[in-house]
Structures are given as structure tokens and as C-alpha cells.
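A short write-up of the structure that comes next.
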Amino acid sequence: MTIDAKYKCRAVKSPRGASVTEIEWGDGHTGVYPHELLRGYCPCAGCQGHSGAISFVAAQGIALELDDVEVVGNYALALKWFDGHASGLYSFKYLRALCQCDDCEPRSSAAHRDTIPRL
């Protein structure tokens with residue numbers, strides 16, 4: 001089974017102190033992910049429960065600062081935040097749906113702080 005280049009993570013740029021993470025995808029797209037959005041839409045059960053949808057949960061301060069980013073297999077990123085929260089696995093498909101670059105943002109439901117489906 002081959003992975004669609006659209007969902008293949010090539011590189012992650014998230015320097016200390018940044019408020020935005022960038023992901024370079026296999027299809028040449030560079031995704032832009034504000035930390036407020038990533039943390040707000042954390043897909044873990046602790047933040048979202050076990051429903052079929054993901055709601056925005058506001059966070060502030062060190063809860064919006066990334067401490068570490070790890071690639072999990074060929075399908076997700078594990079994000080660790082400075083407040084110790086580290087249980088959310090962000091699938092590559094989910095991350096592509098959250099992209100806030102100039103090309104993707106107008107069609108992104110996340111831009112409106114809506115409830116979004118699990119991907």
C-alpha cells in the first residue's frame with residue numbers, strides 16, 4: 001500500500017518560542033498550523049471525550065507552546081505541550097484538514113471554531 005503524497009510528512013518546522021508550526025508535505029504543499037488551533041483541536045479523549053466530532057477547546061499561556069514534536073509511524077504526529085499535555089495523536093489526514101495557509105484557510109472549517117469531524 002502506497003501513501004498518498006498529500007499525506008506524507010516530509011519535514012516539520014516548529015522552533016522554540018514559535019506560535020506557528022509548518023509542515024512540508026510530500027506533494028510540495030507547506031501547511032501552516034497556529035498553535036492555538038492545534039491545541040484547541042487536540043483530538044485526544046481527554047480533550048474531546050469519545051464523541052464522533054472534535055470541538056475547539058480554548059487554551060492559553062504555556063498550553064500553547066510546543067515542547068516536542070515526534071513522528072508516529074507513517075501516519076501521525078505526537079505533540080507535547082509545555083504544560084505537560086501529550087496524549088493527542090494528530091493524523092496526517094487530520095492535519096491537512098486543519099491547514100491554515102493562504103490556499104487552504106478559506107475552505108477550512110477549523111477557521112470558524114466549528115465542531116469538526118474526526119478524520
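All of the numbers you see were taken from the coordinates with simple rules; none came from a lab. Bear in mind the structure is a predicted one, so any value in this text is a computation, not a measurement. Cβ sites come from the backbone with ideal geometry, for glycine too, and all protein chains shown count toward neighbours.
A few remarks follow.
- Once exposed loop chymotrypsin sites (Phe, Trp or Tyr not before Pro) are cut out (DSSP; at most 16 other Cβ, 10 Å), longest piece of the chain: 1-74
- Neighbour-count ranking [beta-carbon atoms within 10 angstrom, fewest first] of S51, S87: S51, S87
- Relative contact order (%) - criterion: Cα under 8 Å, at least six apart; region: segment 5-106: 24
- Near the amide H of V20, within less than 5 Å, lie the amide hydrogens of H35, all on another chain or at least 5 residues away, with H placed in the peptide plane.
- Reduced Cα scattering model of the chain, Debye log10 I(q)/I(0), q = 0.14, 0.17 Å⁻¹: -0.54, -0.81
- Dipole-positive endmost among G26, A11, G84 within the chain (Cβ charges, Cα centre): G26
- Net charge of the neighbourhood of R16, taken over other residues with C-beta under 11 Å away and scored Lys/Arg +1, Asp/Glu -1, is -3.
- Global form of segment 1-69, assessed from the alpha-carbon gyration tensor, a/c cut-off 1.5: oblate
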